[in-house]
Amino acid sequence: MPQEISVSYQAIKSKVYRLIDALVVGEKNEAEVQESIRRWWDLIHPADRPIAQKYLLMVLGRSASALDAVGDGLFSAGGAENAYSQQLNTHMPKRPLDRMVKEAGVRSAV
């Protein structure tokens with residue numbers, strides 16, 4: 001019997017934040033996070049995927065805004081301009097969030 005996956009906003013936010021935390025503390029690398037999301041997505045019933053996608057994109061958008069706010073706060077504090085811009089250039093995602101939003105619906109049910 002397939003595992004039942006909750007698609008509530010809170011459950012999805014919790015999943016995303018756990019993955020972000022695992023990446024930040026070094027428990028997982030980017031490839032492992034991507035694979036974890038793929039496996040999680042495959043467990044979601046196809047009928048529940050539209051709402052799961054909606055909530056996932058909301059969480060990702062808000063998370064990106066929060067990270068931008070943290071970076072902007074550091075930048076506006078002064079003295080960190082070079083370190084901040086260097087970190088941004090080193091760790092910027094390979095593809096912007098708006099592209100992820102466009103591609104999010106590409107995977108279809110098997």
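Values in this text are rule-based calculations from the coordinates and carry no lab data. Small disclaimer: the values here were computed from a predicted structure and weren't measured. Note that we place each Cβ from the backbone using ideal geometry, even for glycine, and neighbour counts take in every protein chain shown.
Simple spin-label estimate for TRP40 and GLU27 gives 1.2 nm between the two label positions (7 Å along the Cα-to-Cβ direction from each Cα).
Which loop GluC sites (Glu not before Pro) in the stretch 1-78, with loop taken from DSSP, have no more than 14 other Cβ atoms within 10 angstrom of their Cβ? It would help to have the intermediate numbers written out before the result.
Numbers: sites: GLU4, GLU27, GLU30, GLU32, GLU35; in loops: GLU4, GLU27.
Of the GluC sites (Glu not before Pro), the ones in loops of the stretch 1-78 whose Cβ has at most 14 other Cβ atoms within 10 Å are GLU4, GLU27.
Could you list the residues of the stretch 36-67 with an amide nitrogen less than 12 Å from a label point located 7 Å from the Cα of ILE20 in the Cα-to-C-beta direction? Hits in the stretch 36-67 for ILE20 at 12 Å: 58-67.
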